[in-house]
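Laboratory data are not the source of any read-out in this text; all were calculated from the coordinates shown. Here the structure is a predicted model, which means the values were calculated and not measured. Cβ atoms come from the backbone with ideal geometry, glycine included; neighbour counts cover every protein chain shown.
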Amino acid sequence: MLLGLFVLRVVGQAVVAFFHVEFLPAMQEWHSGLLPYEYLLLSQVVIIAVMVRVCVDFTRGFGFFVSPLRFFAVQWLFLGYLYLAVMIVRYPIQMYLRPESRWFGGTIPIFFHWVLAVFIILIGLHHRNRLKA
């Protein structure tokens, strides 16, 4: 489900960027502008490829991302929690710095960072639970 949501986000943003559709939010709603879009899109494609690999491993029940590893159970999980915390804090900062866009303006990138953070956390929790067993 998280992979599907992220793919929809990337496709939606690409449709806006390349086809200038008006039924989706404008590009500034999808993109914070910290990274030029061509690099952002490339990084998003890489993220999708890794997420697909993770999902394939979990669907098969074996593979690198499924076999319990302490790195995923500790450091990866910590990274996921930290990432989620930073992105949760980002929301009120965004609302403070851009009061004209309250409540939902500019939140598409923030929401999808939450999606990615939850994906990371779920992998870490799987590994932590498997190592405990």
At q = 0.17, 0.18 Å⁻¹, the log10 of I(q)/I(0) for the chain from a Debye sum over equal Cα scatterers comes to -0.97, -1.05
Span-like helix ranges in the chain, DSSP H, alpha carbon extent 27 angstrom or more, Kyte mean at least 1.0:
37-60, 77-97, 108-132
Low-density loop GluC sites (Glu not before Pro), the stretch 1-45, at most 12 other Cβ within 10 Å, DSSP non-H/G/I/E/B, are Glu22
Any chance you could check the Cα centroid distance between the stretch 1-64 and the stretch 75-133 for me, in angstrom?
16 Å
Provide the FRET efficiency to the nearest 0.05 for the Leu34-Phe78 pair, computing r from the beta carbons and using R0 = 25 Å.
0.60
For the stretch 48-87, what does the alpha-carbon gyration tensor say about shape, rounded, prolate or oblate, given a ≥ b ≥ c as the root eigenvalues, a/c under 1.5 as rounded, and a/b over b/c as prolate?
oblate
Using packing as a proxy for protection, rank 8-16, 81-89 so that the peptide with the highest average count of other Cβ atoms within 10 Å comes first.
8-16, 81-89
Between Met27 and Ile110, what FRET efficiency comes out of the Förster formula 1/(1 + (r/R0)^6) with R0 = 22 Å and r the beta carbon distance, rounded to 0.05?
0.85
What is the ratio of the Cα radius of gyration of the stretch 1-71 to 2.2 N^0.38 Å, where N is its residue count, to two decimals?
1.38
